Amino acid sequence: MGKKVRVRFAPSPTGGLHLGGVRTVLYNYLFAKKQGGDFIVRIEDTDQSRFVEGAEEYIFDCLKWCGLEPDESVQQGGNYGPYRQSERKELYRPYAEQLVKEGHAYYAFDTPEDLEKMRHESIPDQPHSPQYDHTIRMKMRNSLTLSAGETEKLLAEGANHVIRIKMPVNETASFIDMIRGEVRFDTSLVDDKVLLKADGMPTYHLAVVVDDYLMKISHAFRGEEWLPSAPVHILLWKYLFGLDQMPQWAHFPLILGPNGKLSKRDGAKYGFPVFAMSWTDPKTQERTEGFQEKGFLPEALINLLALLGWNDGTEQEIFTIKELIDKFSMERVHSAGAKFDYEKAKWFNHEWIKRSTVHSFQSTVKTLLAQNNITVSDDVMLDKVIGLVKDRCTLLPDFVQQSSFFFKSPETLDVDAVKPKWNEAKKLFFAELIRNYELSPDWLAQSLETNFKEIAAVNDLKPGELMLPFRIMLVGSKFGPGVFEIAEILGKEETGKRIHTALKIFG
Ligand code: GLU
């Protein structure tokens, strides 16, 4: 039997959860669920300078809203904890020291000034700072250039130091990416990355490898921006645990906005969200709206993200999470960047609103209406209204415009739409309609329409010309579902009242 499938999403708690992040979670989740595996969330918070208050909690709130909850995490617990890297701090140093002992890493005592000098002095005419790599390392202050005695002494004195990987020269580091196939790197081109920092914390490079090993991760999936780090990780796997232990990797394509890589600024500029849920930066108080606040259903967000970089090979576009679990495969994830199209995203939401049950919207619509000072007490009526208007809503706030007039008579009527063609004959028609409707034995859209048309015919009027004024009377303006369906829900009394009021206004 092969290794149990265990995947992880490993966010750094540095801010809002970006679309790309949610998609990484989703692909991890789908892969794990399909294989009957475990989905783990590990908080990578070893870079204390980037730590942002509240970001971790926010990430879990987003996952909950999206319905992508982990099997193991800081919140769920599990057998491989702690799941927050800062709480695992003590665990990493021995691995870094082992690497030093075996000649794959070294202590570096360079001061910030030394490093600054290196950047400026080595290649003065070059705009980019040179890397701390095999061409530079022998000119710096580290355990490769100092004697063993000096190094010992500095360590014993507690001198500030980091541990750097000693990247080999002229070797090839390669791996098979599940999406991209074989990817090869020339190790000479990679710098001697810091593995353990002066504060004793590991960097991402060391921590990711050690934790993927200790947490028995079978597959590691991450964004394509991490591809350049792969050679460092490959070597760490090779030196510490053996390449046969390395998880299978896949690097997901970028999500592209109108100007290349989708950025937070694109959202602000083009008016679409880039975060799952709204995020308020605790330092600046700057609030960035998310898909949730815009009025997206989580099912729609999941569906549209699944298709940003993957398809099942057919024309199908609407997938439930169950179908996605069933059909998802890493081999069908594209390697090229996937373009995010907000209009298409809204289309997905519209489709999902159409497909969702009336009842599922009840409390949301009530809350939205309450925010607009409309109190709904009749749930039966609310369900009927939702059933009638939901196909007309693209984003959840659309329910406000589409359903307010059922619960509150319109404050203004679009008189201009009626006036030019308004005449005595039409006025008499509506007066007769009120009388007819008052006597109506039932109150169903079908009979209301039949009566309407009969009275129009008797009076030699075209029903088409009467429909618009009728709509304006009931709704206030020119939108909404079928006017007889509206009247049915409004009821006899309210319909009569609105016709009366409007007749006075139309004159
Ligand atoms: N901590 C990394 C991040 O913030 C995770 C990369 C990985 O999954 O290996 O995205």
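The values are calculated or read from the model by the stated rules, or taken from the named source; none is laboratory data. Quantities reported herein were computed from a predicted structural model and do not represent experimental measurements. Glycine also receives a Cβ, built like all others from the backbone with ideal geometry; neighbour counts cover every protein chain displayed. Areas reflect the complete protein model, heavy atoms only, side chains present, ligands, DNA and RNA absent. Shrake-Rupley method; radii C 1.70, N 1.55, O 1.52, S 1.80 Å.
Please work out the average accessible area per residue across the chain, using the 1.4 Å probe convention, and give it in Å².
Averaged over the residues of the chain, the accessible area is 47 Å².
Could you compute the FRET efficiency for Lys427 and Ser377, with r as their C-beta to C-beta distance and R0 at 41 Å, rounded to 0.05?
For Lys427 and Ser377, the calculated efficiency is 0.75.
What are the ³J(HN,Hα) couplings of the stretch 10-20, residue after residue, when phi is run through the Karplus curve with 6.51, -1.76, 1.60 and θ = phi - 60°? Round to Hz, x for glycine and proline.
10, x, 9, x, 10, x, x, 8, 6, 3, x
For a quick check: with amide H placed at 1.01 Å from N, whose amide H comes under 5 Å from Leu195's, ignoring anything fewer than 5 positions away on the same chain?
Correct list: Ile163, Arg164, Ile165.
Given points 7 Å out from each Cα along the Cα-Cβ axis, report the Gln35 to Glu438 separation in nanometres with one decimal.
If labels sit at Gln35 and Glu438, their model points lie 7.4 nm apart.
If you bin every alpha carbon distance in the stretch 73-221 into 10 Å steps from zero, what whole percent lands in each bin?
That works out to 10, 32, 33, 20, 5, 0, in percent per bin.
Just from its helices, what would the mean residue ellipticity at 222 nm be for the chain, if runs of 4 or more DSSP H residues each count -39500 (n - 2.57) and the sum is divided by every residue, rounded to the nearest 500 deg cm²/dmol?
Value at 222 nm, helices only, nearest 500: -13000 deg cm²/dmol.
Distance from the Cα centre of the stretch 472-492 to that of the stretch 359-393, in angstrom?
16 Å
Check Phe175: other-chain or 5+ apart residues with amide H under 5 Å from its amide H, H built from backbone geometry?
Val183
Any idea what % of Cα-Cα pairs in the stretch 343-408 are farther than 15 Å?
Of all Cα-Cα pairs in the stretch 343-408, 45 percent lie more than 15 Å apart.
With an 8 Å cut-off on Cα pairs and a minimum separation of 6 or more residues, tell me the relative contact order of the stretch 2-87 in percent.
Relative contact order for the stretch 2-87 comes out at 35 percent.
Do any of Lys34/Lys294; Lys426/Lys492; Lys354/Lys497; Lys354/Lys453 go past 25 Å between their Cα atoms, and which?
Over 25 Å apart, Cα to Cα: Lys34/Lys294; Lys354/Lys497; Lys354/Lys453.
Ignoring ligands and nucleic acids, what accessible area does Thr357 show with a 1.4 Å probe (Å², nearest 10)?
90 Å²
With the alpha-carbon atoms as the only input, what is the per residue convex hull volume for the stretch 316-474 in Å³? Could you put the intermediate results ahead of the total?
Working: hull volume 30.8 nm³, N = 159.
Residue-normalised Cα hull volume stands at 194 Å³.
Filter the GluC sites (Glu not before Pro) in the stretch 402-497 down to the DSSP loop ones having no more than 16 other Cβ atoms within 10 Å, then list what survives. Show your work: numbers first, answer last.
Values: sites: Glu411, Glu424, Glu432, Glu438, Glu449, Glu454, Glu465, Glu485, Glu488, Glu493, Glu494; in loops: Glu411.
Those that pass, being in a loop and sparsely packed, are Glu411.
Run the accessible area of the chain with a 1.4 Å probe and give the carbon-and-sulfur part as a rounded percent.
Accessible surface attributable to carbon and sulfur in the chain totals 50 percent.
If r is the Cβ-Cβ distance from Lys64 to Arg287 and R0 is 22 Å, what FRET efficiency results, to the nearest 0.05?
0.65
Can you tell me what the convex hull of the Cα atoms of the stretch 183-252 projects to on average, as an area in nm²?
Across all orientations, the stretch 183-252 yields a mean hull projection of 5.0 nm².
Hey, what's the Cα Rg ratio for the chain versus the globular rule of thumb, 2.2 N^0.38 Å?
The reported ratio for this selection is 1.37.
With all distinct Cα pairs included, what does the Kirkwood hydrodynamic radius of the stretch 450-507 come out to in Å, to one decimal, could you say?
When all Cα pairs of the stretch 450-507 are included, the Kirkwood radius is 11.9 Å.
Angle, helix 463-475 long axis vs. longest principal axis of the chain, Cα atoms, 0 to 90°, nearest 10?
Value to nearest ten degrees: 60.
Please compute the contact order of the stretch 23-170 in relative form: average sequence separation of alpha-carbon pairs under 8 Å and at least six residues apart, divided by the residue count, as a percent.
22 percent.
Report the FRET efficiency, 1/(1 + (r/R0)^6), for Ser49 and Val169, where r is their Cβ-Cβ distance and R0 is 45 Å, rounded to 0.05.
On the way: r = 32 Å, r/R0 = 0.70.
Working from the Cβ atoms, E equals 0.90.
Pop a pseudo-label 7 angstrom from the Cα along the beta-carbon direction at both Arg180 and Thr14 and give the gap in nm to one decimal.
1.9 nm
Using Cα-Cα distances under 8 Å and only pairs 6 or more residues apart, what relative contact order does the chain have, in percent?
Relative CO of the chain lands at 12 percent.
Please compute the length gained on full extension between Lys497 and Asp414, using 0.36 nm multiplied by the number of residues separating them and subtracting their Cα-Cα distance.
28.2 nm
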